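First up is the structure itself, then whatever we jot down about it.
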Amino acid sequence: MPGRRHKARTIALQALYEADAVARKPEEVTERLLGEAGLSEENSEFVRGLVNGTIKNREEIDRSIRKHAPAWPVDQIALIDRNILRLAIYEILFDNKVPVKVAVNEAVELAKAFGSDNSSKFVNGVLGAVKTPADREKA
């Protein structure tokens, strides 16, 4: 059910955003948001996996952002855009459970819903430059 996965990604984004914005523990934020969301256990686990994986791999994800958006220091990218990119790059480079196109499309939709007028173009451009492990092997 794509609608439920989209909602789960939205909750994961909210948790990452809040943890980044006010330095709260991601696990606590995630559990509070899940308590309010009414997701199935499967989708709740999906949210936890996205948040935990993004946090665990944040340094490498941020290196990827710096590489593919060199004109934009990571700490100067809008908070929402930065966390959308982190979430999508985690799905593309580390999680590998959905096709790259799905991760990019979901990120663009999140950027349209929560970002500025230019967020979706910025997110799409950066993610378009990110290569999956399989793409790197072909190059």
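Derivation of every value follows stated rules applied to the coordinates shown; laboratory data play no part. Remember, predicted model here, so these are calculated numbers, not experimental data. Cβ coordinates were reconstructed from backbone atoms using ideal geometry, including for glycine residues, and neighbour counts include every protein chain displayed.
Overview of results
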{"quantity": "Net dipole in debye of the range 15-139 [+1 Lys, Arg Cβ; -1 Asp, Glu Cβ; about Cα centre; nearest 20]", "calculated": "560 debye"}
{"quantity": "The range 23-54: GluC sites (Glu not before Pro) falling in loop per DSSP and having at most 10 other Cβ within 10 Å", "calculated": "none"}
{"quantity": "3J(HN,Hα) from dihedral phi, the range 14-31, Karplus parametrisation 6.51/-1.76/1.60, rounded to Hz, x for glycine, proline", "calculated": "4, 5, 5, 4, 5, 4, 6, 6, 10, 6, 8, 5, x, 5, 5, 4, 4, 5"}
{"quantity": "Dipole axis of the chain (+1 Lys, Arg; -1 Asp, Glu on Cβ), positive-most option in L39, L13, F122", "calculated": "F122"}
{"quantity": "Charge tally in the Cβ shell below 14 Å around D62, where Lys, Arg are +1 and Asp, Glu are -1, D62 excluded", "calculated": "+2"}
{"quantity": "Residues of type lysines that K7 reaches as a straight line, Cα spacing below 30 Å, ignoring anything fewer than 8 places off in the same chain", "calculated": "K25, K56, K67, K97, K101, K112, K121, K131"}
{"quantity": "Relative contact order for the chain, counting Cα pairs under 8 Å that sit 6 or more residues apart, in percent", "calculated": "21 percent"}
{"quantity": "Rh (Kirkwood; distinct C-alpha pairs) - the chain, Å", "calculated": "14.9 Å"}
